[in-house]
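A.B. asks: The following block contains the structure, expressed as structure tokens.
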Amino acid sequence: MSKSDVPGIETIAVHAGASPDPTTGARSTPIFQTASYVFEDADEAASLFNLQKPGFLYSRLTNPTVSVLEERVAALEGGRGAIATASGHAAQILALFPLMQPGCEIVASKMLYGGSLNQMGHSYKKFGWETIFVDPDKPTNFADSITDNTRAIFVENLANPGGVVVDIEAVAKIARKADVPLIVDNTMATPFLSRPFEWGADIIVHSTTKFLSGNGSSIGGIVVDSGQFDWFKNAEKWPSLTEPAPEYHGLRFAETFGDLAYTIYGHVVGLRDLGACQQPFNAWITLQGIETLTLRMERHCANALEVARFLESHPLVEWVSYAGLDSSPYRALAKKFLPAGAGAVFTFGVKGGFDVGVRVVESVEIISHLANIGDTKSLIIHPASTVYRQLSEKQQIAAGAGPDVIRLSIGIETAADIIADLDQALHAAATSAAAE
Ligand SMILES: *Cc1c(COP(=O)(O)O)cnc(C)c1O
């Protein structure tokens, strides 16, 4: 293939999965706000229900607007197929659902978004799924925790809340050796900064709520399958995909659908039974966001680096954890895995600990104090008193969210304005703390 046959990521972000509407010529992808679709006749209905014919029958399983989003994100990641979901957390459950049975285990990085630590550490137990959390700085920790019951390794390549980069190439090798799929949460990096399939990951999940939709206006998630994992190699480990499905007349997904088996299972069993489908309107909003993903990520990363450098030299700041800084222990990994930038979310420590941290988030003016990341607007939060509140102090520190930690998600405003706002908030916090 000549170079021009392979579209660039900017082109994929604007066009993949979509074309002008054949009936109306509408250039923007229409919002197919419908629950179901009229069958041509009873034979067509039967073949749709039997999975003998692809098509739309009910929007809990598939919807044309949502399908455009699925094709677009699959193309951005270089994957085979995708399953859009109601939220990022739904994506994590949907990603694991085809792999797990009661008694099965996940080996997960302990550097995860706080909500994921809760979901995996507590709620998964109710399904009989056990999660073993390990320090991702030493990839061999994953290998050491794998047992015969392990069915997935789960990492955030660029971890939320901040500044930690995982050697996904090394972890992928460990996963391959153990014949266990590697699932990467690529929310913080986005496919613009990192494409985990190129390093050997098998499955990718996103909270599309964040940088993909990009403006904090809708909740959503997506699972992307590389189509590369060999379900036949240890077929007994993957009964959902290799054994006959009684409700589909004994069809075996891996045999019938090949490299689309995991994606189709995700729709016709996962979404069918768990019900966590993405709404067409949310998919449409996310598609609008993805069109400008590459432009936004360039600005997000440039601004984040400028703000991180400013904070690093600030007298009221103890430390800054941003993989784009030369002082970061993750700088070399970031250069390898995130060459276009180290993302826009990072943490710093204020002098004075918990109380001063709370005062800083209360003193900002342009930056919004809220629980989200990946917005065009700059965001700030003190994790220990908010999103990581349900964790013990030990867990908070282990997850990079101790009492002095402030998390920033740098937006696309003028960098000097973000810097001026942080500077005044740091001074205001220090002054009011000193006055007590
Ligand atoms: C927000 C987030 C999630 C959860 O996504 P929701 O859309 O809020 O359900 C998962 N992983 C990461 C890294 C996140 O930032």
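A.B. asks: Go through region 90-113 and report how many residues are buried (at least 22 other Cβ atoms within 10 Å of the Cβ) and within 14 Å of the ligand (Cβ to nearest atom).
C.D. replies: Counting residues in region 90-113 that are buried (at least 22 other Cβ atoms within 10 Å of the Cβ) and within 14 Å of the ligand (Cβ to nearest atom) gives 12.
A.B. asks: Hey, another quick one. How do the pairs read when you match residues in region 373-399 that are farther than 27 Å from Arg296 by Cβ with residues anywhere that are acidic (Asp, Glu) and outside any strand (DSSP E or B), using Cβ under 9 Å and keeping only pairs 6 or more apart or on different chains?
C.D. replies: Ala384/Glu393; Ala384/Asp404; Ala398/Asp135
A.B. asks: Need a quick list: helices (runs of 4 or more DSSP H) entirely within region 135-215 having at least 1 residues that are at pLDDT 95 or above and at positive phi.
C.D. replies: Qualifying helices (runs of 4 or more DSSP H): 190-193.
A.B. asks: Another question about this same structure. Can you run down the residue pairs with Cβ atoms below 9 Å, 6 or more apart or on separate chains, where the first is in region 179-192 and outside the structural domain of Ser145 (by TED's automatic domain parsing) and the partner is within 10 Å of the ligand (Cβ to nearest atom) and part of a loop (DSSP other than H, G, I, E, B)?
C.D. replies: Sorted first by the residue in region 179-192, then by its partner, the list stays empty.
A.B. asks: What's the total number of residues in region 202-219 that are touching a residue at least 40 places away in the same chain (Cβ under 8 Å) and closer than 22 Å to Leu99 by Cβ?
C.D. replies: Within region 202-219, residues that are touching a residue at least 40 places away in the same chain (Cβ under 8 Å) and closer than 22 Å to Leu99 by Cβ number 6.
A.B. asks: Okay, next question. Can Ser409 be described as free of Cβ contacts under 8 Å to residues at least 24 places away in the same chain and either surrounded by fewer than 16 Cβ atoms within 10 Å (Cβ to Cβ) or in contact with a Leu (Cβ under 8 Å, 6 or more places away or on another chain) (or both)?
C.D. replies: On the way: free of Cβ contacts under 8 Å to residues at least 24 places away in the same chain: no; either surrounded by fewer than 16 Cβ atoms within 10 Å (Cβ to Cβ) or in contact with a Leu (Cβ under 8 Å, 6 or more places away or on another chain) (or both): yes.
Against the criterion (free of Cβ contacts under 8 Å to residues at least 24 places away in the same chain and either surrounded by fewer than 16 Cβ atoms within 10 Å (Cβ to Cβ) or in contact with a Leu (Cβ under 8 Å, 6 or more places away or on another chain) (or both)), Ser409 does not qualify.
A.B. asks: Something else: Tell me which residues, restricted to region 130-157, are touching a Cys at 6+ places or on another chain (Cβ under 6 Å) and buried (at least 18 other Cβ atoms within 10 Å of the Cβ).
C.D. replies: Hit for region 130-157 is Arg151, nothing else.
A.B. asks: What residue, of Ser109, Ser116, Ser145, is over 25 Å from His382 (Cα atoms), in the same structural domain as His267 (by TED's automatic domain parsing) and not β-branched (Val, Ile, Thr)?
C.D. replies: Ser145
The values are calculated or read from the model by the stated rules, or taken from the named source; none is laboratory data. This structure is a prediction, so every number in the text was calculated from the model and none was measured. Note that each Cβ is placed from the backbone with ideal geometry, even for glycine, and that neighbours are counted across all protein chains shown.
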